[in-house]
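Take a look at the structure below.
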Amino acid sequence: MDFNLVKQHANTKFIGAHVGCYGENLTWVGKMLDECPNYYIDISARLGELGRQPYSARKFFIQYQDRVLFGSDMSPDLDAYRLCYRFLETDDEYFNYNTSEVPGQGRWYAYGMYLPDDVLEKVYYKNAAKLLNVDVKA
């Protein structure tokens with residue numbers, strides 16, 4: 001996502017898919033979030049990148065908890081969703097983040113982030129509800 005484009009359209013909400021297409025560089029994504037209050041990100045198809053840096057990713061999610069959205073690029077697949085939940089909710093170590101035998105984005109495995117419940121609620125639904133102006137009763 002282009003800084004200038006997002007800044008020039010401050011009244012437009014932008015969602016950077018795939019952690020802003022730069023999940024392996026959370027410093028850059030954080031700078032974008034810091035400089036552009038109208039910018040949000042989703043986590044679709046980036047468990048591999050985030051799961052290789054679980055401590056940094058956890059700090060990032062907590063710091064930007066109001067701007068991170070759950071997203072997926074997959075068809076409804078219970079096993080795939082279970083992997084997302086495992087990644088976000090547990091401190092499991094070194095597991096296959098993909099439903100195939102060899103992870104699609106490389107042969108590395110992921111580590112869970114064990115996010116706090118209040119952060120999980122925001123990532124799973126509260127942030128999306130806020131963006132869409134939907135009243136959600138917790």
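Since every read-out is calculated from the coordinates, none of them should be taken as a lab result. Just so it is clear, the model here is predicted, and its values are computed rather than measured. Here the Cβ is made from the backbone with ideal geometry for all residues, glycine too, and neighbour counts use every protein chain on show.
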### Query
So, of the residues in region 86-138 that are among the small types (Gly, Ala, Ser) and touching a Leu at 6+ places or on another chain (Cβ under 6 Å), which turns out to be surrounded by the fewest Cβ atoms within 10 Å (Cβ to Cβ)?
ALA128
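Residue-by-condition table, conditions (1) in a helix (DSSP H, G or I); (2) in contact (Cβ under 8 Å) with a residue 40 or more places away in the chain; (3) among the charged types (D, E, K, R); (4) farther than 13 Å from MET113 by Cβ:
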| position | (1), (2), (3), (4) |
| --- | --- |
| MET1 | no, no, no, yes |
| GLU24 | no, no, yes, yes |
| VAL29 | yes, no, no, yes |
| ASP34 | yes, no, yes, yes |
| ILE41 | no, no, no, yes |
| LEU50 | yes, yes, no, no |
| SER56 | yes, no, no, no |
| ARG82 | yes, no, yes, yes |
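Condition check ((1) over 23 Å from PHE14 (Cα atoms); (2) out of contact with any strand residue (DSSP E or B) (no Cβ under 9 Å at 6 or more places or on another chain); (3) not polar (S, T, N, Q)) across all residues:
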| site | (1), (2), (3) |
| --- | --- |
| VAL68 | no, no, yes |
| PRO76 | yes, yes, yes |
| GLU89 | yes, yes, yes |
| TYR97 | yes, no, yes |
| VAL119 | no, no, yes |
### Task
Provide a single number: the residues in region 121-130 that are hydrophobic (A, V, I, L, M, F, W, C) and either within 12 Å of GLN63 (Cα to Cα) or touching a strand residue (DSSP E or B) at 6+ places or on another chain (Cβ under 7 Å) (or both).
2
